1. Which links in Lys42/Lys87; Lys87/Lys125; Lys42/Lys253; Lys42/Lys125 stretch past 30 Å when you go from one Cα to the other?
2. Using a 1.4 angstrom probe on the protein heavy atoms only, could you order Thr32, Thr90 from most to least accessible area?
3. Kindly report, to the nearest 10 Å², the accessible surface of Tyr115 as traced by a 1.4 Å probe over protein heavy atoms only.
4. Residues with beta-carbon under 15 Å from that of Tyr34, excluding Tyr34: net charge, scoring Lys, Arg +1 and Asp, Glu -1?
5. So how do Met101, Met116, Met45 rank on accessible area, 1.4 Å probe, biggest first, that is with the largest at the start?
6. As a test question: what accessible area, to the nearest 10 Å², does Glu129 have when a 1.4 Å probe is rolled over all protein chains in place?
7. Which one of Cys14, His35, Ser88 is farthest out on the positive end of the charge dipole of the stretch 5-111, using unit charges on Cβ (Lys, Arg +1; Asp, Glu -1) and the Cα centre as origin?
8. Give the ranking of His236, His35 by solvent-accessible surface, highest area first, calculated with a 1.4 Å probe.
Amino acid sequence: MKLNERSLAFYATCDSPADNCGFLYKRGERHTAYHRRWFVLKGNMLFYFEERDSREPVGVIVLEGCNVELCDSAENFAFAIRFGGSKSRTYVLAAESQAAMESWVKSLSRASFDYMRLVVRELEKQLQEMSRGLPGGCGGSQDAPGPWKPKPSGLEQCRERLPALPAVLPKENGCAVWNNVLEAEERPPDASGCGGHDEEGAPRPPPLPPRPRVSNGTASAGAAVAQSPSAFCRLHEQYSREVARLRQDWQQKRRGSQP
């Protein structure tokens, strides 16, 4: 089909990423000779140009209601795009190598919305099966076996290896001390009475951590500078000017590239 819409021509030549592109040999509709064309696949539309640097495509093939299959032809690595219906046209294309032909057949077969619907249905079916297999999931029970069982995650395995916490955690300055609990459980009992309990069996309070030493006020000054809002404001203004300059350069390049 011939292109007459400027919107399609713009979509074919815009900077949007293509699903596949490359040179293919296309057999003519009236004449059976093959012509080398540059093909670009975007979504379910296959555009073809006379040359790679052409500004407008020669035509477009809408890949809906069609089948992509290999065919016998005078050219090597040939395949056809066949549409349903007796009066529909069949497009015969040929690649330059076996790898290029396989790549084009795979990408063209997956370009239609019908294929996307099948993929979505299959994923929904798998999701439903997984939900039924999960304990307490939608439509399932904890005793009913399912086709899929989740493996314990790394967090759950770590929880199994963690030691059991006491009912009441020792506190230091009104806050529970986690490290002291683990150290008390990992250390063997001290028979001399100098461990975590005194002679009467009561737990001793944990030692207080040493206070950080500050020499000549260097650490406090560095913290004050790091927390000063003026440094953040200057950095914010610097990056704002850089982003504005890059945006202005990009807009100028875009205006210059447009015809």
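The values are calculated or read from the model by the stated rules, or taken from the named source; none is laboratory data. What you are looking at is a predicted structure, and each value in this text was computed from that prediction instead of being measured. So basically every Cβ, Gly included, is an ideal-geometry build from the backbone, and we count neighbours across all protein chains shown. Surface areas here come from the heavy atoms of the whole protein model, side chains and all, with no ligands, DNA or RNA. Shrake-Rupley method; radii C 1.70, N 1.55, O 1.52, S 1.80 Å.
1. Details: Lys42/Lys87 26 Å; Lys87/Lys125 37 Å; Lys42/Lys253 25 Å; Lys42/Lys125 28 Å.
Pairs exceeding 30 Å: Lys87/Lys125.
2. On the way: Thr32 105, Thr90 50 Å².
I get Thr32, Thr90, largest accessible area first.
3. Only protein atoms counted, so the area is about 80 Å².
4. On the way: positive: Lys26, Arg27, Arg30, Arg36, Arg37; negative: Glu29, Glu50, Asp72, Glu75, Glu96.
Net local charge, Tyr34 excluded: 0.
5. On the way: Met101 15, Met116 95, Met45 45 Å².
The ordering from most to least exposed comes out as Met116, Met45, Met101.
6. 70
7. Ser88
8. On the way: His236 110, His35 85 Å².
Descending order: His236, His35.
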